[in-house]
Amino acid sequence: MRARARIDWYTDEGSFSEDVADIRSDDPLDFFDLRPYTERLSEAELNTGLGEAIVVGQAAMDGHAVQLAVMDFAFMGGSMGRAVGEKLSRACDLAVERSVPLVAVTSSGGARMQEGILSLMQLPKTVCAVEELHDARLPLFMVMAHPTTAGVLASFAARGDVTIAEPGALIAFTGPRVVQQTTREKLPDDFGLAEQNLRFGHLDAIVPRPEQREYLLKLLRLWS
């Protein structure tokens, strides 16, 4: 599900106002594989209509003020580079400034390889931003969509006060094919899926998409 469609689904009509839309990725390493990184960024913007792999803004959900941070897998696999890390951190800061909960939705293949170590530095940066949110006694309600993997899972996505996932979502640091090739062992059929994560206590609930808005509203009512 695309980020803006999910925002429209979760929020009251006309209540969403985007923040920090001007933050864009640049090319700090002058990276080139088969094509220049700048060319890939331009293509992603044209194909998605987004400036980055995350959309941040304030909105209302059934009258409850919230801060939103919603990732979009269509933009370079939802990968997290410096711009995504900065926007997520700003979302935490704005939630603290406005004294509202942060509702975040993840859908990502992990850190963006074209930004190298600068991308990996977003892991501790986003974790620290979420800790500042918690220090302000404000909650992070996390929705894990398919897939939520690698550096995103290993950083802010794992820091929710309440964490739910969509049925069948892949939630793992590495996908089952890579793990199986490395270990040469047969994995369970549900390896890394939301259902296995729930069984191991990594999630609070698995919530089908049509029921997510009402579930989040219950959390907001309990918090308020």
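The values are calculated or read from the model by the stated rules, or taken from the named source; none is laboratory data. Model, not experiment: these values are computed from the prediction. Glycine gets a Cβ as well: all are built from the backbone with ideal geometry, and neighbour counts include every protein chain shown. Surface accessibility is based on the protein's heavy atoms, side chains included, excluding ligands, DNA and RNA. Shrake-Rupley method; radii C 1.70, N 1.55, O 1.52, S 1.80 Å.
Would you check if there is a residue in the stretch 1-20 being buried (at least 17 other Cβ atoms within 10 Å of the Cβ), touching a Leu at 6+ places or on another chain (Cβ under 9 Å), of a type in the set (Ser, Thr, Tyr) and not in a loop (DSSP other than H, G, I, E, B)? Looking through the stretch 1-20, at least one residue is buried (at least 17 other Cβ atoms within 10 Å of the Cβ), touching a Leu at 6+ places or on another chain (Cβ under 9 Å), of a type in the set (Ser, Thr, Tyr) and not in a loop (DSSP other than H, G, I, E, B). Among the residues of this structure, residue 132 counts as one that is open to solvent by 40 Å² or more (accessible area, probe 1.4 Å) and closer than 28 Å to residue 12 by Cα. Within the stretch 84-98, can one find any residue that is in a strand (DSSP E or B) and of a type in the set (S, T, N, Q)? No, the conditions are met nowhere in the stretch 84-98. Only one of the numbered conditions (1) more than 23 Å from residue 64 (Cα to Cα); (2) more than 16 Å from the chain's Cα centre (by Cα); (3) β-branched (Val, Ile, Thr) is not met by residue 127, and that is (2).
Does residue 73 count as under 25 Å from residue 123 (Cα atoms) and exposed (fewer than 15 other Cβ atoms within 10 Å of the Cβ)? So residue 73 does not fit the description; no. Taken over the stretch 49-63, the criterion of being closer than 17 Å to residue 80 by Cβ and not hydrophobic (A, V, I, L, M, F, W, C) is satisfied by 51, 52. Quick check on residue 118: is it buried (at least 17 other Cβ atoms within 10 Å of the Cβ) and in contact (Cβ under 8 Å) with a residue 24 or more places away in the chain? No. Note on the stretch 49-70: among residues that are assigned to a loop (DSSP other than H, G, I, E, B), among the small types (Gly, Ala, Ser) and open to solvent by 50 Å² or more (accessible area, probe 1.4 Å), the one that is farthest from residue 96 (Cα to Cα) is 49.
Cβ separations smaller than 7 Å between residues 6+ apart or across chains give the following pairs from the stretch 149-165 residues that are under 20 Å from residue 86 (Cβ atoms) and touching a residue at least 60 places away in the same chain (Cβ under 8 Å) to residues that are in a strand (DSSP E or B) and open to solvent by 10 Å² or more (accessible area, probe 1.4 Å): 151/111. At least 2 residues being of a type outside the set (A, V, I, L, M) and open to solvent by less than 50 Å² (accessible area, probe 1.4 Å) is the threshold, and among the helices (runs of 4 or more DSSP H) wholly inside the stretch 141-224 those reaching it are 194-199.
If you go through the stretch 22-48 and pick out every residue that is surrounded by fewer than 12 Cβ atoms within 10 Å (Cβ to Cβ), in contact (Cβ under 8 Å) with a residue 24 or more places away in the chain and farther than 14 Å from residue 83 by Cα, you end up with 2.
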